[in-house]
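A.B. asks: Just dropping this structure here.
The values are calculated or read from the model by the stated rules, or taken from the named source; none is laboratory data. What you see is a predicted model; the values in this text were computed from it and never measured. Backbone-built Cβ (ideal geometry, glycine too); neighbour counts: all protein chains shown. SASA here: full protein model, heavy atoms, side chains in, ligands and nucleic acids out. Shrake-Rupley method; radii C 1.70, N 1.55, O 1.52, S 1.80 Å.
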Amino acid sequence: DMDEFVRMHESDFYQHTYTKYPYGIQRVDAFRYILMFYRGGIYTDMDNGCNHAFKELVATVESLDPDASHLAVFPTTEASDVDIDFLMSTAG
């Protein structure tokens, strides 16, 4: 449950912001960032396509800075500098 996860891990945010969002999609977007922070992993919108296995991307990113304890990958756009249809990060 998104609500339970956010309430458990970010109780102040849950109480003062998350529950006040007027649209469900705002809670979905906020949950995405909170989940990625606590669990890490790969998120991609369903309308994205892949040309290579994620394993290859992870290996490439790790090779850029093998001593890094935290890594994140996301595409940029001219309009917002960060695009949220693909995210990859370590926890934290």
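A.B. asks: From the list Tyr33, Tyr43, which residue is of a type outside the set (A, V, I, L, M), in contact with a Leu (Cβ under 9 Å, 6 or more places away or on another chain) and not in a helix (DSSP H, G or I)?
C.D. replies: Details: Tyr33 fails: not in a helix (DSSP H, G or I).
Selected residue: Tyr43, the only one of Tyr33, Tyr43 that is of a type outside the set (A, V, I, L, M), in contact with a Leu (Cβ under 9 Å, 6 or more places away or on another chain) and not in a helix (DSSP H, G or I).
A.B. asks: Pairs needed: first member in the range 24-53, open to solvent by less than 40 Å² (accessible area, probe 1.4 Å); second member anywhere, assigned to a loop (DSSP other than H, G, I, E, B); C-beta distance under 7 Å; at least 6 residues apart or different chains.
C.D. replies: Filtered contacts from the range 24-53: Ile34/Glu10; Gly40/Thr90; Gly40/Ala91.
A.B. asks: Test Glu62 against the criterion of being assigned to a loop (DSSP other than H, G, I, E, B), more than 29 Å from Asp1 (Cα to Cα) and more than 15 Å from the chain's Cα centre (by Cα), and give yes or no.
C.D. replies: On the way: assigned to a loop (DSSP other than H, G, I, E, B): no; more than 29 Å from Asp1 (Cα to Cα): yes; more than 15 Å from the chain's Cα centre (by Cα): yes.
No.
A.B. asks: Sticking with this one: Looking at this structure, is Phe5 surrounded by 14 or more Cβ atoms within 10 Å (Cβ to Cβ) and touching an Asp or Glu at 6+ places or on another chain (Cβ under 8 Å)? So that I can check it myself, show each step before the final result.
C.D. replies: Values: surrounded by 14 or more Cβ atoms within 10 Å (Cβ to Cβ): yes; touching an Asp or Glu at 6+ places or on another chain (Cβ under 8 Å): no.
Judged against the criteria, Phe5 is not a match.
A.B. asks: Got at least one residue in the range 39-51 being modelled with pLDDT of 95 or more and basic (Lys, Arg)?
C.D. replies: Step one: filter the range 39-51 for residues modelled with pLDDT of 95 or more, giving none.
No, the range 39-51 contains no residue that is modelled with pLDDT of 95 or more and basic (Lys, Arg).
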